[in-house]
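Here's the structure, in structure tokens; my notes come after.
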Amino acid sequence: METEGGGSAATPVPERGNKWPPSPHTLGDDEDLSKPSDDDDGGSKHSNDDGDGSKPSDDDGDGSNPSDDDEAGEWLVSGSEDEDEDDDDQGIHTPYTVDDIPRPGCDHEKQSYVMFRDPEAKLRGPLPMRLFPAFKGGKHYFGSDYNLADKSQIRVDSVEDCTNECFCFPMSLLQFVDMKIAGYRHTHPGRAKVYGFVAARERFDPLRNYVYRREIENCESVSVKRKTGVARLSLTGPARVISMTTRALIEFDLHARNEDHTTGDNDLIIEGCTQIENIFKSKSFTEHRRLYGERCSLDIKYMVLINAVEARVEVTVLRLGSVSPGGVNMKLYAKTSGFSEVIQLFRGAAPEPGDMMSFAVAVKRHSGFDLYIEGSRRDDLMLGQKVNVVSPLATMGRVKRLQSWGSLPHFQSR
């Protein structure tokens, strides 16, 4: 598979004293989405004062650039997790299981107990975050601030590349990294079929900006760990970057069903909304939080990047060789602004040659981001079967010192 990559960021060479991180190794379908950390897959520890598992250094004064000895070249990505593997129960504080995880729903008092009075909630999972009821009409806590009655999708204006003289206006941006359900009791054999949406709303343009959206006809097949009820959802990039001056809203409505199960209200596993705040924060940071629902919980990992701009990544498949259209699985990942977390931009069937895919990534100004692309044959694979890599492209592109809109050079397989 041969690809062409483009985007909207210039690519100067590294400054003296800075070195490129090592080239990534070939991905495995059973590897984790980011570097192993205590808060992943149930997150029983939090090593950062801000409640995140990332420890960027302060080389640029903003807390976003890792030190030279950081393993920034690792691209550990999770593909198909074995539903029998619950290997994250080691240590003093074991993650919650489907039998003992709190299920407060949207009850205010029960939510307050989990957040402030339950000592295990901070030790056996990501830090809890308050779950508010979903908007059903009428009055709502966030109804007027985010115009929740309007379910329209945010509009993406047509933006052309600027010249080098163009001045960028940086702002605080919200970048989603990972999303899972936890504590979901999947009693049927096989995988769960998940559908629904997760969307963000800004204060000044409060329309839905989807980061996950699946219809019933296009539901996602996920493997659920039997003991912890954890399953990873495949994020899709937002229509454009998510502005976050002081706060932003996340709303969601997720359903799950089995292959032999009819659809209905009982398919709902979690719904509601919550607000992410960026008050009194002067440095970029990552957070790993959990929303406790009645039937399952929702884990979200995200970054808030201070003084950041939007980078637009454009990828076109030039040719597939002897493989027929639709016969190649493609994965596209990114790292941004010196953080080690791997962001999944795309995972699925590669588009036909000539078709272009576009993705928005939040990047700190005077920083950069890395891209990784991989292709593998489909060949009528059974669900969950591992594949042999057809064309691992290693690092597809690396952008350093993002200062203005521009163009990425073209990249081809090697």
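One residue stands out in the stretch 182-195 among those that are more than 25 Å from residue 121 (Cα to Cα) and in contact (Cβ under 8 Å) with a residue 60 or more places away in the chain: the one that is surrounded by the fewest Cβ atoms within 10 Å (Cβ to Cβ), namely 188.
Can you name the strands (runs of 3 or more DSSP E) wholly within the stretch 190-248 that have at least 1 residues being polar (S, T, N, Q)? Talk me through it step by step, then tell me what you get.
On the way: elements: 192-201, 209-214, 220-222.
Ranges flagged: 209-214, 220-222.
Residues being surrounded by fewer than 23 Cβ atoms within 10 Å (Cβ to Cβ), β-branched (Val, Ile, Thr) and either under 30 Å from residue 137 (Cβ atoms) or touching a Gly at 6+ places or on another chain (Cβ under 9 Å) (or both) are represented in the stretch 279-296 by at least one member. Remark: pairs (first residue in the stretch 274-286, under 13 Å from residue 203 (Cβ atoms); second residue among the acidic types (Asp, Glu); Cβ separation under 9 Å; 6+ apart in sequence or on different chains) = 275/145; 276/287. Taken across the stretch 76-94, residues that are at pLDDT 90 or above and out of contact with any helix residue (DSSP H, G or I) (no Cβ under 9 Å at 6 or more places or on another chain) do not occur at all. Only a single criterion out of (1) at pLDDT below 95; (2) within 17 Å of the chain's Cα centre (by Cα) is not satisfied by residue 260, namely (2). Residue count for the stretch 299-338 under the criterion of being modelled with pLDDT of 90 or more and among the acidic types (Asp, Glu): the result is 2.
Pairing residues of the stretch 339-356 that are exposed (fewer than 12 other Cβ atoms within 10 Å of the Cβ) with residues that are assigned to a strand (DSSP E or B) and among the acidic types (Asp, Glu), at Cβ distances under 8 Å and at least 6 apart in sequence or on separate chains, gives 356/314.
Being farther than 18 Å from residue 151 by Cα and either of a type in the set (Gly, Ala, Ser) or touching a residue at least 24 places away in the same chain (Cβ under 8 Å) (or both) holds for only one residue in 231, 248, 199, and it is 231.
Would you check if there is a residue in the stretch 106-127 being surrounded by 12 or more Cβ atoms within 10 Å (Cβ to Cβ), touching a Ser or Thr at 6+ places or on another chain (Cβ under 7 Å), within 23 Å of residue 292 (Cα to Cα) and not small (Gly, Ala, Ser)? Yes, some residue in the stretch 106-127 is surrounded by 12 or more Cβ atoms within 10 Å (Cβ to Cβ), touching a Ser or Thr at 6+ places or on another chain (Cβ under 7 Å), within 23 Å of residue 292 (Cα to Cα) and not small (Gly, Ala, Ser).
The values are calculated or read from the model by the stated rules, or taken from the named source; none is laboratory data. In this text, all values refer to a predicted model and were calculated from it rather than measured experimentally. As a convention, Cβ positions derive from the backbone with ideal geometry for all residues, glycine included, and neighbour counts pool all protein chains shown.
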